[in-house]
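What follows is a short report on a single structure.
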2 protein chains.
Amino acid sequence: MSYLNLSKAELEKEREVLLKQYENYKSKGLSLNMARGKPSPEQLDLSQAMLDSVKSTDSCISSDGTDCRNYGGFDGIVEVKEMFSNIFDTESENVFVGGNSSLNMMFDTISCFMTAPIYEDTLPWHDVKDRKFLCPVPGYDRHFGVTGYFGFEMIPVPLNEDGPDMDIVEKLVSEDDSIKGIWCVPKYSNPTGITYSDEVVKRFAALKPAAKDFRIMWDNAYAVHDVTDTPDTLLSIVDECKKTGNEDLPILFASTSKITFAGAGVAALAASPLNMKVLKKRLEFATIGYDKVNMLRHSKFFGNYEGLLNHMQKHKEILAPKFKTVADKLNEDLTDAGIAEWTNPNGGYFVSVNVYKGTAKRVVELCKEAGVVLTGAGATYPEGNDPNEENIRIAPSFPTVEELSLAMDIFCVCTKLACLEVLV
Amino acid sequence: MSYLNLSKAELEKEREVLLKQYENYKSKGLSLNMARGKPSPEQLDLSQAMLDSVKSTDSCISSDGTDCRNYGGFDGIVEVKEMFSNIFDTESENVFVGGNSSLNMMFDTISCFMTAPIYEDTLPWHDVKDRKFLCPVPGYDRHFGVTGYFGFEMIPVPLNEDGPDMDIVEKLVSEDDSIKGIWCVPKYSNPTGITYSDEVVKRFAALKPAAKDFRIMWDNAYAVHDVTDTPDTLLSIVDECKKTGNEDLPILFASTSKITFAGAGVAALAASPLNMKVLKKRLEFATIGYDKVNMLRHSKFFGNYEGLLNHMQKHKEILAPKFKTVADKLNEDLTDAGIAEWTNPNGGYFVSVNVYKGTAKRVVELCKEAGVVLTGAGATYPEGNDPNEENIRIAPSFPTVEELSLAMDIFCVCTKLACLEVLV
């Protein structure tokens with residue numbers, strides 16, 4: 001029965017029961033971590049053979065004859081540009097392959113536009129003193145970190161089941177030319193796991209921003225990262241923008257961090273010729289080319305895009321039971337109490353839980369004291385400011401199913417306890 | 001006998017002889033490249049076993065237990081920080097290990113200071129409208145490219161046998177607070193191959209710049225790159241700056257691009273705590289950490305710093321005959337004519353030749369027509385502006401000794417021909 005319908009005496013009784021469970025967990029001296037979307041060692045092992053794929057001198061030569069050990073190959077080797085063109089659903093000439101981090105490429109993209117104007121008649125963003133960026137919430141803390149670092153005022157926009165609230169997005173960007181962009185994780189969004197609907201993608205492609213240099217940071221981090229047999233599908237923003245003549249609106253990002261190695265993968269971006277011109281004008285001074293041997297490792301390991309997709313099935317086999325554990329525990333332990341809501345994503349790396357309003361920090365604190373580390377409360381909002389103080393991001397990938405099961409038991413107890421502290 | 005003492009008839013005769021030689025070379029349809037400081041395949045082969053050093057799951061763990069395949073390890077793995085601390089002659093806590101390119105780290109450093117002030121009471125360099133940078137000449141074209149991209153006025157400073165002309169450097173930086181830094185390749189300078197004298201390093205450490213946020217970009221690219229048995233030694237700028245209380249002046253850069261793989265090495269920077277604080281404030285939003293698996297490959301391959309130094313002996317064995325070939329050819333073919341000067345470096349990647357004034361472009365053009373590609377004339381000066389139009393950079397590393405020998409024959413013929421075109 002919902003806590004909200006219980007008498008004070010009943011709530012106090014419930015609290016006593018939970019406190020005993022909590023003290024029991026605390027006494028175990030556990031150390032469990034559901035804080036970051038880190039692949040588990042078992043997942044990393046799936047790509048171990050990749051380290052063997054480039055060894056001999058001959059194996060260091062890419063398909064067009066480039067010696068990947070040497071300088072050159074500015075925008076990446078042909079076969080990996082091709083691989084990412086499949087992920088991005090765009091032509092391979094629009095792809096630039098970078099180092100080991102798409103976050104780094106997003107940071108550099110914003111950094112580029114801070115000092116280099118996108119058009120001859122627009123300002124470098126550094127010179128736009130009241131520069132702003134739209135931030136769908138809850139969202140990815142590291143995105144908000146980038147625009148925060150560069151001094152943008154960050155405007156939260158509600159993220160619904162089908163994507164950002166487009167009524168609000170359309171209104172804001174059409175009215176204010178100091179709004180220079182929006183952060184998007186269009187598939188299996190971090191942290192709610194939702195995928196933008198076809199209508200939302202079409203509305204993004206049809207935006208008419210007041211700022212000519214408004215850009216959509218389209219972080220397709222989980223493009224091929226399904227965890228169920230009913231995967232979401234995402235409309236191609238590139239195709240839709242071609243139809244609307246808005247090709248220059250989006251810049252796309254992806255990486256193999258959660259395909260091969262989180263610390264030693266390959267990242268890439270895709271952009272229209274105009275955007276690429278501005279970015280490459282910077283990149284040609286910033287680098288002679290990124291690590292081609294590591295690119296080659298990836299292409300040799302996967303063979304082709306189908307090989308990559310088959311590889312993702314193995315990740316799914318490892319991740320699916322973990323997502324199921326989280327869902328089962330939340331359903332079993334929190335449904336009746338009626339004090340929390342959560343998502344059931346078909347892919348990605350996170351489950352998003354809204355606990356009882358105003359108790360997120362307390363839940364995280366209680367969990368921590370019992371040895372369970374969660375992402376900090378508020379992290380999913382710009383500058384950590386969750387107005388309802390309710391959202392908590394759960395990352396099920398790193399712990400084992402057994403650890404996760406225990407961690408979720410503790411999380412559910414803490415969620416209920418924190419709520420009862422308010423209600424009693 | 002020097003061309004300058006020959007009669008017009010003698011010069012014409014000489015020219016006829018040379019033209020025949022030149023046409024003969026041209027007819028061969030050669031394709032030789034002395035343009036960039038690229039290691040040869042033979043040099044790259046020296047590190048082939050490195051690709052085998054990290055394979056099994058166990059071998060992916062760094063000395064402090066970090067799984068290098070996963071996220072984390074922001075400033076680099078302990079053992080590689082240690083390796084670079086030896087190269088930089090500084091404490092390993094002052095080292096930050098990056099991706100595959102020190103050029104990229106230099107670019108990011110300037111990019112950082114463009115939008116983030118180094119001190120609370122200084123401006124981001126983007127806001128210094130008349131920002132300037134000192135460029136010792138001849139110097140490295142990619143350095144000048146970075147400050148050119150960011151809109152600095154670049155002031156050339158003569159590079160002497162013992163380093164930049166410090167009288168000029170001291171005068172300029174003490175007078176003009178819009179001068180924000182200077183590019184330095186202190187050991188085996190690109191392209192002249194000279195190493196800064198102890199006195200020059202001490203004078204750098206004792207600089208009293210008008211700009212509080214003036215920085216020395218100390219690109220120690222060739223720290224361990226000797227090609228003779230009489231190597232140069234470089235005083236530690238870090239130690240000297242400690243003595244003068246100027247610890248925040250230099251930022252040091254290095255990489256293994258010319259130690260292991262030019263396209264897949266590891267780069268690092270070293271900076272004082274104050275500089276590191278400004279840089280890390282940016283880096284912590286720009287990356288979760290660079291490729292640790294590749295860092296680990298390097299440390300396992302070398303074992304320790306001595307292993308790295310031993311490895312450099314093998315490069316020396318390959319490079320020494322090439323540098324000797326260049327020196328011999330220049331001595332044999334150009335000494336008598338008395339129309340050119342060149343350097344005889346003890347290390348690094350280049351030989352710098354000053355051809356007859358005003359003929360550098362023509363020499364490069366003649367060489368190109370005969371199938372020998374050189375670095376573009378002027379490349380060693382900011383914005384390609386060599387006032388005497390005389391400097392040409394020769395990169396002997398990539399061709400074989402046989403190819404180099406032929407390429408130098410052609411270079412010498414072209415140098416003489418271009419001069420004769422003026423004199424006759």
task = Look at segment A:107-131 and say how many of its residues are over 23 Å from B:Glu284 (Cβ atoms) and more than 10 Å from chain B (Cβ to nearest Cβ).
result = 10
key: Selection within segment A:283-300 - facing chain B (nearest Cβ under 7 Å) and part of a helix (DSSP H, G or I)   = A:Phe285, A:Ala286, A:Lys292, A:Val293, A:Asn294
message = Which residue is surrounded by the most Cβ atoms within 10 Å (Cβ to Cβ), if the candidates are limited to segment B:263-282 and must be outside any strand (DSSP E or B), more than 14 Å from every other protein chain (Cβ to nearest Cβ) and in contact with a helix residue (DSSP H, G or I) (Cβ under 9 Å, 6 or more places away or on another chain)?
response = B:Ala271
query = Looking only at segment B:170-184, which residues are under 16 Å from B:Val201 (Cα atoms) and touching a residue at least 40 places away in the same chain (Cβ under 8 Å)?
reply = B:Val173, B:Gly181, B:Ile182, B:Trp183, B:Cys184
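Residues are listed down the side, and each one gets a yes or a no for (1) crowded, with 21+ Cβ neighbours inside 10 Å; (2) farther than 23 Å from B:Asp89 by Cα; (3) more than 14 Å from chain A (Cβ to nearest Cβ):
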residue: B:Phe152; (1), (2), (3): yes, yes, no
residue: B:Asp167; (1), (2), (3): no, yes, yes
residue: B:Glu170; (1), (2), (3): no, yes, yes
residue: B:Pro186; (1), (2), (3): yes, no, yes
residue: B:Phe204; (1), (2), (3): yes, no, yes
residue: B:Lys212; (1), (2), (3): no, yes, yes
residue: B:Ile216; (1), (2), (3): yes, no, yes
ask   = Which residues, taken from segment B:189-235, are in a loop (DSSP other than H, G, I, E, B), under 18 Å from the mean Cα position of the chain (by Cα) and more than 21 Å from B:Phe350 (Cα to Cα)?
value = B:Leu235
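Suppose we filter segment A:1-10 for residues that are surrounded by fewer than 16 Cβ atoms within 10 Å (Cβ to Cβ) and not in a helix (DSSP H, G or I); how many remain?
Number satisfying all stated conditions: 3.
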key: Boolean, A:Asn70 is within 10 Å of chain B (Cβ to nearest Cβ), modelled with pLDDT of 95 or more and not in a helix (DSSP H, G or I)   = yes
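Report whether or not A:Pro136 is farther than 20 Å from A:Ala271 by Cα, at the interface with chain B (Cβ under 10 Å from one of its Cβ atoms), within 27 Å of the chain's Cα centre (by Cα) and not aromatic (Phe, Trp, Tyr).
no
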task = Filter segment B:11-65 for residues that are away from chain A (no Cβ under 14 Å), in a helix (DSSP H, G or I) and in contact (Cβ under 8 Å) with a residue 24 or more places away in the chain and give the result.
result = B:Leu11, B:Glu12, B:Glu14, B:Arg15, B:Leu18, B:Leu19, B:Gln21, B:Tyr22, B:Tyr25, B:Lys26
request  = Name the single residue, out of those in segment A:355-395 being part of a strand (DSSP E or B) and touching a Pro at 6+ places or on another chain (Cβ under 9 Å), that is nearest to A:Met154 (Cα to Cα).
outcome  = A:Asn391
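Do you know which residues across segment B:99-141 are assigned to a loop (DSSP other than H, G, I, E, B), touching a helix residue (DSSP H, G or I) at 6+ places or on another chain (Cβ under 7 Å) and in contact (Cβ under 8 Å) with a residue 40 or more places away in the chain?
Hits for segment B:99-141 are B:Ala116, B:Ile118, B:Arg131.
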key: Among the residues listed as B:Val353, B:Val364, B:Val372, B:Val422, the single one being without any contact (Cβ under 8 Å) to a residue 60 or more places away in the chain and over 21 Å from B:Lys258 (Cα atoms)   = B:Val364
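The values are calculated or read from the model by the stated rules, or taken from the named source; none is laboratory data. Not measured: the values here are computed from a predicted model. Every residue, glycine as well, gets a Cβ built from its backbone with ideal geometry; the counts of neighbours run over all protein chains shown.
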